[in-house]
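Please treat every number below as a calculation from the coordinates, not as lab data. None of these values were measured; they are calculated from a predicted model. Using ideal geometry, Cβ is built from the backbone for each residue, glycine included, and neighbour counts are taken over all protein chains shown.
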Amino acid sequence: MPCAVPSLVRDLDTPQTTPPDDVTAPSAEQIERWAYAYLRHAPLSLALREIHRLAAIEAVAKGPGPVLDVGCGDGFWWTLRDHDNREVYGIDISAREIAQARERITAQLTDVSREQPFPTKRFEQIIGNCSLEHVPDIDAALANLRKAAAPNGRLVMFVPTPRWAYQGRTQAWLLRHAPRLAMTVSGALNGFFQHWHLYDAKVWTRLLQQHGWRVRAIYGMGSARSEFLFRLFMPPAFGAFLVKKLTGSYPSKLARFLPDAALAPIARLVRWAVSDTLVAADSPTAYEYMIIAEATDLPR
């Protein structure tokens, strides 16, 4: 049976949107270990987001296998998670990413909007690590994931909030004084990241329900300090992203030649930035939702 999510005994039709009081977040030492690993793998902005998601899923949604990672990328995430006793499968639409992921997990080139992943398997837990908002046909994707879920399966999704691109001091100022320009910048950001789906919590709840998923909790993720650092280091992250497109890896891998002492100040900065693991779903600092849903009877 999957691990229970803390404090989710509520009206089944009313998702919990405030983090439970009994959340046990990963220790500061654990977060720093993740930071050292990610800083040697990816740009700082991406590392901040990924480590924050790691902390959140380890705190309230850690579960047994088999696990399906939707949009697994190169599978690096799983080098930092304890999955010795779980079967971990991953899918992605990038052949280059899948080739790297196969060194870490069981991975397969699959478009989830076109076919059911690993049709002979049923998954206790399905994770969408900021991936499903990039799928144009979200209805087909959610339907195929429901077919892939075990009868008691659980879906954990990370998706951006509708207003994530308006956060940060510059964008907030523009929104007050030059809203057209603020919307232009927001559109450019969402276009670059190919965000097809930017919905509020209520819309995600209804959409998931239509495809056989009952949402039990929707939490927010984000703080003013993490958003400040994310945006501060976003310009070099764009450059790193382009390098990966050309070479297959981020230039951050060069940091593997640096001792921990050289990375220690940045690792401590990451720990400080993600120290608030979860916030209320409607928090003004929430840049992302963490949605936890359980499989129900398929709609007829």
Farthest toward the dipole's positive end in the chain, which of Gly128, Thr79, His197, given Cβ charges of +1 (Lys, Arg) and -1 (Asp, Glu) about the Cα centre? His197
For the chain, built as a Gaussian network whose Cα springs stay under 10 Å, the top-fluctuating residue of Gly71, Gly168, Gly222: Gly168
Can you give me the distance in nm between label points at Ser94 and Arg268, each placed 7 Å from the Cα along the Cα-to-Cβ direction? 3.3
Where does the stretch 135-256 land on Rg/Rh, using Cα atoms and the Kirkwood Rh? 1.03
Relative contact order (percent) for the stretch 37-192, with alpha-carbon contacts under 8 angstrom and 6 or more residues of separation? 19
Normalised radius of gyration for the stretch 39-81, please: alpha carbon Rg relative to 2.2 N^0.38 Å, two decimal places. 1.20
Going by how many other beta carbons lie within 10 Å of each one, how would you line up Tyr38, Tyr166, Tyr250, fewest first? Tyr166, Tyr250, Tyr38
For the chain, modelled as a Gaussian network with Cα springs under 10 Å, which listed residue fluctuates most, Val23, Val215, Val156? Val23
Kindly list the residues of the stretch 265-300 that lie in the label zone of Thr14, defined by a backbone N under 15 Å from the point 7 Å along the Cα-to-C-beta vector. none
Estimated inter-spin distance, His177 and Leu242, nm [label 7 Å along Cα→Cβ]: 2.9
Can you list residues from other chains, or at least 5 along the same chain, whose modelled amide H is less than 5 Å from the amide H of Thr106? Val88, Gly90
About the Cα centre, and with charges only on the beta carbon of Lys, Arg (+1) and Asp, Glu (-1), how big is the dipole of the chain? Nearest 20 debye, please. 620
Normalising by the residue count of the stretch 91-157, find the relative contact order in percent from Cα pairs under 8 Å and 6+ residues apart. 35
Antiparallel versus total DSSP beta bridges in the chain: what percent is that, nearest 5? 45
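Need the full-extension length gain, Phe193 to Thr120, defined as separation in residues times 0.36 nm minus the C-alpha distance. One decimal, nm.
Working: separation 73, 0.36 × 73 = 26.28 nm, distance 3.24 nm.
Going from the current span to full extension adds 23.0 nm.
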Long-range amide H partners of Ala149, meaning residues 5 or more apart or on another chain whose placed amide H is closer than 5 Å, are Phe123
How about the stretch 49-106: which GluC sites (Glu not before Pro) there lie in a loop by DSSP and see at most 16 other Cβ atoms within 10 Å? Glu87, Glu103
Once the principal axes of the Cα atoms of the stretch 188-300 are found, what is the range along each, listed largest first in whole angstroms? 56, 33, 27
Residues Thr18, Thr247 arranged by fewest to most Cβ contacts within 10 Å: Thr247, Thr18
In the Gaussian network model of the chain, springs joining C-alpha atoms below 10 Å, which of Trp213, Trp173, Trp34 carries the largest mean-square fluctuation? Trp173
Where a Cα-Cα gap under 20 Å defines reach, which aspartates and glutamates qualify for Lys244, not counting those fewer than 8 residues away within the same chain? Glu50, Asp74, Asp92, Glu97, Glu103
Please arrange Ile291, Ile57 by how many other C-beta atoms lie within 10 Å of their C-beta, fewest to most. Ile57, Ile291
To the nearest 0.05, what FRET efficiency results for Ala28 and Arg231 with a Förster distance of 22 Å applied to their C-beta separation? 0.40
